[in-house]
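The values are calculated or read from the model by the stated rules, or taken from the named source; none is laboratory data. Only a predicted model underlies this, so the values are computations on that prediction, with no experimental measurement involved. Positions of Cβ are generated from backbone atoms using ideal geometry, with glycine treated the same way; all protein chains shown enter the neighbour counts.
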Amino acid sequence: MKGISLSSVIQVINLEKQSCDIQARADGQSGQLHFRDGALVDAVADGLEGEDAAYEILGWRDPEFEVSTEDTPRDRMIEADLTQMLLEIARRQDEELEESARSAAAQDPVPPRLEPLASPAGDASGNGRGTDQSTAETIQQLEAAFEEAGPESEMEAALEPIREAEAATAASAGESAATAASAPAAAAPAAGAAPSAGDAGPSAGAAGAASPAALNVAGLRKVVQIAHDGLGDALLSADLFSSADGTSYVGVNSQPAVCALVNQVTERMTWAFDKGGLPPLGRYYMAELAGSRMLLVAPCGGFQLILVVDTSRVQLGLLLNVVLPEVLAALEEVSPR
């Protein structure tokens, strides 16, 4: 099967309480997972059986697999909860990614920097809230930007800059500590001081973009990785960016201009709902785009996540009921409040 991850299929099987077998292959290895009424009852993989075999298969990266619904009775050899097993696999993979990043950082003593994006035409605050651009023009620019997006997701290339930024975390933290020890304390702003011009207009958003030292780099990477694993080639692009200034921290087929424009749309919607006496935005909002595409935006604390999905390559139920809840849960864990 293509366009969907093994973990997503397993969760659907569990939710629907299906009985089936999965034949999986990866890097010359092969194995089987056996489900009865949604529960994982047995597994076999290259000399391993039961729970050991299940962890081995679930830990494979992007395996090929086939699902068979033939009724093949099987004794229950696995008692562990399936959800807990999937969480344990995710934890192990996250530790592997962090270890790889630490090794790469140790080999490169020069810390890279996360450069801020150039702001689109707008006000002096740099958040792109220009008063001379209508909502219709904003939407037109969004559509034009999506048309330029490539159809394939190059995950490893897109994540490389944020992996390298982990090297900057320790260096930046050390420099901050040294500066604090040697420099006098900064004067506090006077009480009752008027807000700056950049604070006027619709919702001003967060106080500012997070510095590399303040970012949970592994957490940000995990949010996009979950979306990529769950959607596969149905994910056309993704960006996780700052609500303060539209700076994109990590993405797949990243589109900086779209980040700035969507940031503007979210701010205007938030302001309009507040002025109109409507309830505030929930966890996400969606827009149907031309060409079987869907735009999904999830504002969360100091971050916003954009996903552009090809709905012809993934079932809407899988996207909204399986993949999206996982992505939102991971996003809430790393979002500043």
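Within region 237-255, take every residue that is modelled with pLDDT of 85 or more and in contact with a Leu (Cβ under 7 Å, 6 or more places away or on another chain) and give me the one that is nearest to Ala298 (Cα to Cα). Taking the candidates together, the pick is Leu240.
Residues that are modelled with pLDDT of 75 or more, within 30 Å of Ala329 (Cα to Cα) and in contact with a Gly (Cβ under 8 Å, 6 or more places away or on another chain) do not occur anywhere in region 113-121. In region 40-54 there is at least one residue matching the filter, namely being among the small types (Gly, Ala, Ser) and in a loop (DSSP other than H, G, I, E, B).
Looking at region 312-337, which of the residues that are among the polar types (S, T, N, Q) and within 26 Å of Ser292 (Cβ to Cβ) is surrounded by the fewest Cβ atoms within 10 Å (Cβ to Cβ)? Looking at residues that are among the polar types (S, T, N, Q) and within 26 Å of Ser292 (Cβ to Cβ), I get Ser312.
Suppose the filter is aliphatic (A, V, I, L, M), part of a loop (DSSP other than H, G, I, E, B), touching a strand residue (DSSP E or B) at 6+ places or on another chain (Cβ under 9 Å) and farther than 20 Å from Ser8 by Cα; does Leu295 pass it? Against the criterion (aliphatic (A, V, I, L, M), part of a loop (DSSP other than H, G, I, E, B), touching a strand residue (DSSP E or B) at 6+ places or on another chain (Cβ under 9 Å) and farther than 20 Å from Ser8 by Cα), Leu295 does not qualify. Residues that are exposed (fewer than 13 other Cβ atoms within 10 Å of the Cβ) and either at pLDDT below 70 or among the aliphatic types (A, V, I, L, M) (or both) within region 87-106 comprise Leu87, Ala106, listed in sequence order. Total residues in region 281-290 satisfying the condition of being surrounded by 10 or more Cβ atoms within 10 Å (Cβ to Cβ) and either part of a strand (DSSP E or B) or of a type outside the set (Ser, Thr, Tyr) (or both): the figure is 6. Being over 20 Å from the mean Cα position of the chain (by Cα), of a type outside the set (Ser, Thr, Tyr) and part of a strand (DSSP E or B) is a description that applies to Glu66. Looking for something surrounded by 16 or more Cβ atoms within 10 Å (Cβ to Cβ), in contact with a strand residue (DSSP E or B) (Cβ under 6 Å, 6 or more places away or on another chain), outside any helix (DSSP H, G or I) and among the β-branched types (Val, Ile, Thr) - is there at least one such residue anywhere in region 266-274? Among the residues of region 266-274, not one is surrounded by 16 or more Cβ atoms within 10 Å (Cβ to Cβ), in contact with a strand residue (DSSP E or B) (Cβ under 6 Å, 6 or more places away or on another chain), outside any helix (DSSP H, G or I) and among the β-branched types (Val, Ile, Thr), which makes the answer no.
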